[in-house]
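Inspection log for the structure reproduced underneath, given as structure tokens.
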Amino acid sequence: MCGFAGILDPRAGDPASLAELARAMAAPIAHRGPDDEGVFVEAEARLALGFRRLAIRDLTAAGHQPMLSASGRHVVVYNGELYNAEALAADLAAQGVRLRGGSDTEVLLEACERFGVEATLERCLGMFAFALFDRRERRLWLARDRLGKKPLHWGLDGSRLRFASQLKCFFADPSFRPEVDRDALGLYLRLGYVPGARSILAGVHKLEPGHLLLREASGRITIHRYWDPVAVVEAGLADPLDLPEDELLDRFEALLADAVRRRMVADVPLGAFLSGGIDSSTVVALLQAQSPRPVATFTIGSPDPAFDESAEARAVARRLGTAHHELVVGPDEALALVPELPEWFDEPFADSSAIPTLLVARLARRHVTVALSGDGGDELFAGYRRYGEALAWARRLEGLRGGARRAAAALLARVPADLAPPGSALLPARLEPERLGERARRLARLLEGPPERASLEIASHWSEPELLTGRPAPEPPGFDGTLADRIPDLTTRLQLLDLLAWLPEDILTKLDRATMAVSLEARCPLLDHRVVDFVFRLPARARVRPGRSKWLLRRLLARYLPAELVDRPKRGFSVPIHSWLRGPLRDWAEDLLDPVRLAEAGLVDPAPVRTAWRQHLDGRADRRFPLWNLLMLEAWRRRWLSGASALVRAARTPVTLGTAG
């Protein structure tokens with residue numbers, strides 16, 4: 001795995017200074033690629049590319065990047081893995097193309113030159129982000145894989161186009177002037193991450209999963225979606241697999257085993273994360289079944305039984321015969337990571353499971369350079385509890401429609417904050433109010449919105465971010481009910497919404513940043529796009545049944561493990577943030593939540609922050625999630641904006657982009 005950064009600015013001056021700038025922009029992500037570095041400059045176009053390499057396949061100099069094609073026409077920087085590189089190489093050989101080395105980078109580069117960029121993307125099976133420049137036509141392509149496993153940021157500042165694997169690279173450009181995007185801030189406060197194409201900084205965008213950006217020689221930029229999960233789900237609903245369940249299971253096992261096998265190819269040591277849950281246990285079972293020797297597996301244990309799954313992981317490892325590595329981590333070791341989080345997550349990120357993910361990545365890196373992960377199972381097989389809660393909410397409201405529903409919403413919206421609202425018992429218990437009137441306001445929003453709104457409310461850290469920022473926050477994409485006609489089933493619709501935002505911007509961001517922090521490559525067989533296509537062709541009963549999620553996945557695991565290791569309740573990968581904030585993290589949190597400094601920063605109103613902090617400290621409410629959200633925001637601000645000439649204002653007028661295709 002690797003990282004890259006680049007700049008294209010026809011108005012730039014000395015090409016040599018551009019080379020130094022590209023090197024400087026790549027330097028902050030040296031942890032993504034400690035094995036090699038490189039810089040390429042196209043002087044006439046004023047293009048510079050910087051690269052850091054983590055050598056996984058073809059460890060020789062033949063895999064060095066930036067890489068020029070054999071003809072010299074194209075140059076690429078590429079972060080990722082192609083799991084069908086051999087098949088693509090055979091296609092190239094049939095066209096008379098002779099490869100010089102054994103890296104998948106060269107396969108990708110020559111395929112783009114021979115078949116075209118978009119045609120190559122259609123053929124690619126893997127995880128990737130890359131920048132490809134046509135030196136003859138002076139066209140630049142930026143591309144990101146279908147599910148968003150690998151990151152790619154870009155921003156246009158006048159004539160200067162910057163792009164990089166991580167946001168921190170932009171800060172290395174002395175001309176970069178960071179400004180917080182207030183709309184993105186509102187989305188972050190609600191969700192704990194910034195969804196979609198936005199980033200926390202105005203004028204800097206994420207290239208969304210399954211998208212291809214093209215900058216023409218004229219400077220015109222177009223963005224095209226080459227893979228659409230909505231279309232995938234629609235196609236699955238239109239052409240379901242109407243087969244006996246045992247046949248579905250056989251086909252699923254063969255496909256997932258192939259996805260695992262393809263991810264075993266590496267010229268460095270390989271292992272797997274094993275939590276003891278359904279997803280990682282299934283991946284490890286298929287991995288061990290295809291390995292000639294015991295597979296290295298890794299799990300983190302906790303001295304707190306409420307947060308410890310190491311016994312379950314140990315039992316799975318023993319049954320499968322893996323070479324298991326386990327580390328019991330005390331609170332001191334976990335707490336020591338907290339101040340480091342803004343360094344690795346260079347955009348505010350409030351998923352506290354980043355801490356155990358960093359810990360298990362550090363453990364694995366002592367033994368291997370590649371680790372397989374079970375991420376994706378919850379999204380594909382409806383494993384989240386909030387899916388069931390949203391369904392229950394929809395059923396409660398079936399008899400309340402039209403004017404009656406609107407009238408109830410209007411009434412509840414006017415309930416004073418110091419009164420307990422009527423109907424609040426309808427809400428799931430997890431929606432604990434910040435103030436007495438919060439249940440009323442949440443209930444009003446649920447009545448006004450589509451059924452999927454319940455899932456959003458459950459997942460929200462601050463359900464009313466405008467109380468902190470003083471301005472309305474935009475709605476997260478997809479929760480306006482417009483998908484209902486295309487995807488009638490609510491559970492399937494919620495899965496799709498998670499594929500579009502939660503998966504790439506929370507789950508996969510966490511996995512990428514935590515593993516790359518220690519120069520470890522993580523691979524996700526469950527997120528092979530062929531597996532995604534297959535799963536959404538399954539009848540709904542094969543994905544989830546009343547009281548039992550992950551139905552087909554559980555049945556597959558039962559072929560390898562006894563029932564007592566399969567039929568266990570779901571447990572999260574988490575840490576006791578709620579008690580840490582009242583104990584060992586209290587002084588750290590007090591400093592970050594200092595009202596004077598919050599007011600000076602101007603990102604949030606300190607008053608509701610202090611209210612939430614007091615509620616949490618005196619035990620009146622568990623405010624861990626909204627508080628962690630704010631703590632990660634302020635820690636990020638101090639690390640990346642403190643001392644910078646950063647203004648807090650509304651987002652700049654968006655770049656006007658054409659649409660290709």
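Checking every residue in region 550-566 against the condition of being in contact with an Asp or Glu (Cβ under 9 Å, 6 or more places away or on another chain) and closer than 19 Å to Pro356 by Cα gives zero matches. Of the residues that sit in region 473-487 and are free of Cβ contacts under 8 Å to residues at least 40 places away in the same chain and surrounded by fewer than 17 Cβ atoms within 10 Å (Cβ to Cβ), which one is nearest to the chain's Cα centre (by Cα)? Once the filter is applied, the top-ranked residue is Glu475.
Checking each residue in region 26-54 for being outside any strand (DSSP E or B) and within 24 Å of Leu358 (Cα to Cα) picks out Ala26, Ala27, Pro28, Ile29, Ala30, His31, Arg32, Gly33, Asp35, Leu54. Listed by first and then second residue, the pairs with beta-carbon distance under 7 Å, at least 6 apart or on different chains, first residue in region 519-539 and closer than 30 Å to Arg362 by Cβ, second hydroxyl-bearing (Ser, Thr, Tyr) and assigned to a helix (DSSP H, G or I), are Glu521/Thr515; Ala522/Thr515. If you go through region 68-87 and keep only what is surrounded by 24 or more Cβ atoms within 10 Å (Cβ to Cβ) and out of contact with any helix residue (DSSP H, G or I) (no Cβ under 8 Å at 6 or more places or on another chain), you end up with just Val77. Pairing each residue of region 89-116 that is free of Cβ contacts under 8 Å to residues at least 60 places away in the same chain and in the same structural domain as Phe133 (by TED's automatic domain parsing) with any residue that is surrounded by fewer than 15 Cβ atoms within 10 Å (Cβ to Cβ) and assigned to a loop (DSSP other than H, G, I, E, B), provided the two are 6+ apart or on different chains, yields C-beta distances under 6 Å for Arg114/Gln95. With respect to the conditions (1) crowded, with 19+ Cβ neighbours inside 10 Å; (2) at pLDDT 95 or above, Arg293 falls short on a single one, namely (1). Where helices (runs of 4 or more DSSP H) sit wholly within region 340-396, those with at least 3 residues that are surrounded by fewer than 20 Cβ atoms within 10 Å (Cβ to Cβ) and not assigned by TED's automatic domain parsing to the domain that holds Trp551 occupy 385-396.
Is it the case that some residue within region 372-394 is within 18 Å of Ser275 (Cα to Cα), in contact with a Pro (Cβ under 7 Å, 6 or more places away or on another chain) and at pLDDT 70 or above? Taking every residue of region 372-394 in turn, at least one turns out to be within 18 Å of Ser275 (Cα to Cα), in contact with a Pro (Cβ under 7 Å, 6 or more places away or on another chain) and at pLDDT 70 or above.
Among the conditions (1) at pLDDT below 95; (2) surrounded by 15 or more Cβ atoms within 10 Å (Cβ to Cβ); (3) not in a helix (DSSP H, G or I), Ser645 misses just one, which is (2). Say whether the condition of being buried (at least 22 other Cβ atoms within 10 Å of the Cβ) and either of a type outside the set (A, V, I, L, M) or closer than 21 Å to Gly3 by Cα (or both) is met by at least one residue in region 88-103. Yes, region 88-103 contains at least one residue that is buried (at least 22 other Cβ atoms within 10 Å of the Cβ) and either of a type outside the set (A, V, I, L, M) or closer than 21 Å to Gly3 by Cα (or both). Among the residues of region 266-285, is any among the small types (Gly, Ala, Ser), modelled with pLDDT of 95 or more and surrounded by fewer than 18 Cβ atoms within 10 Å (Cβ to Cβ)? No, region 266-285 contains no residue that is among the small types (Gly, Ala, Ser), modelled with pLDDT of 95 or more and surrounded by fewer than 18 Cβ atoms within 10 Å (Cβ to Cβ). Of everything in region 326-339 that is out of contact with any Leu (no Cβ under 6 Å at 6 or more places or on another chain) and buried (at least 19 other Cβ atoms within 10 Å of the Cβ), the residue that is farthest from Met632 (Cα to Cα) is Ala334.
Exactly one residue out of Val328, Val368 is of a type in the set (Val, Ile, Thr) and modelled with pLDDT under 95: that is Val328.
Scanning region 174-200 for residues that are assigned to a helix (DSSP H, G or I) and touching a Pro at 6+ places or on another chain (Cβ under 7 Å) returns Asp183, Gly186, Leu187, Tyr188, Leu189, Arg190, Leu191.
If only residues of region 26-43 that are more than 19 Å from Asp512 (Cα to Cα) and in contact (Cβ under 8 Å) with a residue 24 or more places away in the chain are counted, the one that is farthest from the chain's Cα centre (by Cα) is Ala43.
For region 627-637, which residues satisfy the criterion of being touching a Pro at 6+ places or on another chain (Cβ under 9 Å) and under 13 Å from Tyr193 (Cα atoms)? Result: Asn629, Met632, Leu633, Trp636.
If you check Leu467, Leu412 for being modelled with pLDDT under 80, in the same structural domain as Glu398 (by TED's automatic domain parsing) and over 30 Å from Pro240 (Cβ atoms), only one passes: Leu412. Residues in region 7-53 that are touching a His at 6+ places or on another chain (Cβ under 9 Å) and either at positive phi or crowded, with 20+ Cβ neighbours inside 10 Å (or both): Phe51, Arg52, Arg53.
Residue check: is Leu18 over 26 Å from the mean Cα position of the chain (by Cα), touching a residue at least 24 places away in the same chain (Cβ under 8 Å) and either assigned by TED's automatic domain parsing to the domain that holds Phe130 or part of a helix (DSSP H, G or I) (or both)? Criteria met by Leu18. Does Arg559 qualify as being farther than 24 Å from Asp181 by Cα, modelled with pLDDT of 95 or more and surrounded by fewer than 18 Cβ atoms within 10 Å (Cβ to Cβ)? Taking the combined requirement at face value, the residue satisfies it. Within region 170-193, does at least one residue satisfy the condition of being in contact with a Phe, Trp or Tyr (Cβ under 8 Å, 6 or more places away or on another chain) and hydroxyl-bearing (Ser, Thr, Tyr)? Taking every residue of region 170-193 in turn, at least one turns out to be in contact with a Phe, Trp or Tyr (Cβ under 8 Å, 6 or more places away or on another chain) and hydroxyl-bearing (Ser, Thr, Tyr).
The values are calculated or read from the model by the stated rules, or taken from the named source; none is laboratory data. Everything numeric here is computed off the predicted structure, so don't read it as measured data. Virtual Cβ from ideal backbone geometry, glycine too; neighbours counted across all protein chains shown.
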